[in-house]
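What follows is a short report on a single structure.
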Amino acid sequence: MFRNSVSRSLSSLRLSRSANATRPFSASISRLDGLRPLDVLSEEEEMIRETVQRFANEVVKPRVREMDENERMDPEIIKGLFEQGLMGIETSAAHGGSESSFTSAIIAIEELAKVDPSVSVLCDVHNTLVNTVVRKYATEEQKDKWLPLLATEQLGSFCLSEPASGSDAFALQAKAHKVGNDYVLNGTKMWITNSYEANIFLIFANIDPSKGYKGITCFIATKDMGIEIAKKEQKLGIRASSTCTLNFDDVKIPAENIIGGEGRIGIAAQMLGLAQGAFALSVPYTYTRNQFKQPIGTFQGMAFSFAEAATQIETAKLLTYNAARRKEAGLSFVKEAAMAKWWASKVAQEVSGNAIEWMGGLGFTRETGVEKFWRDSKIGAIYEGTSNIQLQTIAKFIQKEYTP
């Protein structure tokens, strides 16, 4: 198990490095010895990559098609993610987590997406949204209560989007008013990931509409407080990942559950892994399929298409890793995250679509699974801010930098 074996290995690695002053341990850019390529991993990061690859291929892969067709996540997958220590990657060991880096979380999300983006998004939302908000904005008492649950047994859900509030998050209509020691919450949330299986919910509501966006507050709640799963969406892609409408009718949340809260890099990692998965699944086939007395992959048109796709994947990887490293180093990363998310989403859609064509009629069938990568890729341009929102963010930075 990751927690029982790999975490012990990570502890040993840290101890050995502390004994060797010339090689201090850190996954952060600010502590790297010399200049290192963005995609060269630390020992810890490489260990996590290998662990996730093994879990994805041995545990997730045999269940992918069944979960996609049933449009439901296998509970054993969620259980396995917790057992492997992949649901509290950045969470401290004192709170039951793996106490690793943000880039390690990005690597895990990328590796899972190579096999099933549905599992990747579940892990992504839980780690980079839910856990991050609790770690960064919760009180020490709240961290002690909620982080161990989130790291070891209970899935989290991030409840922001509403029928009239998507990319414009500040337009949300859910409201909460204080009654005694509780807040009473009313409203509706839509497109909420992980909500069908989750037990812990971060819910954003406005406690003072007169203050506009400054009245928006984050509450942490559990399903048994009266959260209603009103509708489970049937989607084109990432079908095993639950996306539901939630209703809150006079839901009472203790005032002590108020939490003072970057998901775009995680989405970029999902799309990067997806593109790599589609590429790795389809290209080998072209070297075994013969037409006109030679493998179809050796024809110039196909070969050039592979080369272009491989280059696109590499640029998406470098943008994604650059954004992750900047975040870890405490540097500005909003523009870089928007660039990574926009480009990786675009690359995922193009590469997975080409992968179907590279495999011909076989790629169009469900048998190979390559068509699923294309279906799953479509959401990348939509959630965590549409592609146009990413371009708008990038353009604002350009305008600020170059306006005289």
When you scan the stretch 123-175, how many residues do you find that are surrounded by 24 or more Cβ atoms within 10 Å (Cβ to Cβ), among the charged types (D, E, K, R) and not in a helix (DSSP H, G or I)? 0
Looking at the stretch 277-317 only, could you name the residues that are aliphatic (A, V, I, L, M) and touching a helix residue (DSSP H, G or I) at 6+ places or on another chain (Cβ under 9 Å)? ALA278, ALA280, LEU281, VAL283, ILE296, MET302, ALA303, ALA309, ALA310, ILE313, ALA316
Quickly run through the stretch 197-232 and pick out the residues that are in a helix (DSSP H, G or I) and either open to solvent by less than 20 Å² (accessible area, probe 1.4 Å) or aromatic (Phe, Trp, Tyr) (or both). TYR213, GLY215
Please state which of the following conditions TYR287 fails to meet, knowing it meets all the rest: (1) buried (at least 18 other Cβ atoms within 10 Å of the Cβ); (2) farther than 30 Å from VAL133 by Cβ; (3) in contact with a Ser or Thr (Cβ under 8 Å, 6 or more places away or on another chain). (1)
Given (1) small (Gly, Ala, Ser); (2) within 30 Å of MET359 (Cβ to Cβ); (3) in contact with an Asp or Glu (Cβ under 9 Å, 6 or more places away or on another chain), index of the condition ALA340 fails: (3)
Reported set for the stretch 83-122 where residues are crowded, with 21+ Cβ neighbours inside 10 Å, among the hydrophobic types (A, V, I, L, M, F, W, C) and part of a helix (DSSP H, G or I) is PHE102, ALA105, ILE106, ILE107, ALA108, ILE109, LEU112, ALA113, VAL115, VAL119, VAL121, LEU122
ALA338 vs. criteria more than 30 Å from ASN290 (Cβ to Cβ), of a type in the set (A, V, I, L, M, F, W, C) and touching a Gly at 6+ places or on another chain (Cβ under 9 Å): yes
Unmet criterion (only one of (1) open to solvent by 10 Å² or more (accessible area, probe 1.4 Å); (2) in contact with a Lys or Arg (Cβ under 7 Å, 6 or more places away or on another chain); (3) part of a strand (DSSP E or B)) for LEU236: (3)
Restricting the stretch 301-316 to residues that are open to solvent by 50 Å² or more (accessible area, probe 1.4 Å) and within 22 Å of the chain's Cα centre (by Cα), which is nearest to ALA338 (Cα to Cα)? THR315
Does ALA316 satisfy being of a type in the set (Gly, Ala, Ser), assigned to a helix (DSSP H, G or I) and within 24 Å of ARG49 (Cα to Cα)? yes
Inter-residue pairs, beta-carbon under 7 Å, first assigned to a helix (DSSP H, G or I) and in the stretch 268-286, second basic (Lys, Arg) and surrounded by fewer than 23 Cβ atoms within 10 Å (Cβ to Cβ), 6+ apart: LEU272/LYS317
For the stretch 353-367, does any single residue satisfy the condition of being in contact with an Asp or Glu (Cβ under 9 Å, 6 or more places away or on another chain), among the β-branched types (Val, Ile, Thr) and either open to solvent by less than 60 Å² (accessible area, probe 1.4 Å) or modelled with pLDDT of 95 or more (or both)? yes
Enumerate the pairs (first residue in the stretch 375-404 and at positive phi; second residue anywhere and of a type in the set (D, E, K, R) and surrounded by fewer than 18 Cβ atoms within 10 Å (Cβ to Cβ)) with beta-carbon separation below 6 Å, excluding pairs fewer than 6 apart on the same chain, so at least 6 apart or on different chains. none
Out of (1) under 24 Å from ILE106 (Cα atoms); (2) over 16 Å from the mean Cα position of the chain (by Cα); (3) part of a helix (DSSP H, G or I), the one GLN399 does not meet is (1)
Inside the stretch 56-101, can you point out the residues that are under 23 Å from ARG366 (Cα atoms) and in contact with a helix residue (DSSP H, G or I) (Cβ under 7 Å, 6 or more places away or on another chain)? ALA56, ASN57, VAL59, VAL60, LYS61, ARG63, VAL64, MET67, ASP68, MET73, ASP74, ILE77
So LEU331 passes all but one of these: (1) of a type outside the set (Lys, Arg); (2) closer than 29 Å to GLU90 by Cβ; (3) under 20 Å from the mean Cα position of the chain (by Cα). Which condition number does it fail? (3)
Considering residues of the stretch 239-252 that are of a type in the set (Ser, Thr, Tyr) and outside any strand (DSSP E or B) only, the residue farthest from GLU66 (Cα to Cα): SER242
Only one of (1) open to solvent by 60 Å² or more (accessible area, probe 1.4 Å); (2) in contact with a Ser or Thr (Cβ under 9 Å, 6 or more places away or on another chain) is not met by VAL179, so which one is it? (2)
Answer with yes or no whether SER210 is within 21 Å of THR132 (Cβ to Cβ) and of a type in the set (Ser, Thr, Tyr). no
Residue under question is LYS252, and the condition is that it be more than 15 Å from ALA316 (Cβ to Cβ), among the basic types (Lys, Arg) and open to solvent by less than 60 Å² (accessible area, probe 1.4 Å); does it hold? no
Has the stretch 119-136 got at least one residue that is farther than 19 Å from ALA198 by Cβ and modelled with pLDDT under 95? yes
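The values are calculated or read from the model by the stated rules, or taken from the named source; none is laboratory data. Please read all numbers here as calculations on a predicted model, not as lab measurements. Cβ atoms come from the backbone with ideal geometry, glycine included; neighbour counts cover every protein chain shown. Note: areas computed on protein heavy atoms with side chains; ligands, DNA, RNA excluded. Shrake-Rupley method; radii C 1.70, N 1.55, O 1.52, S 1.80 Å.
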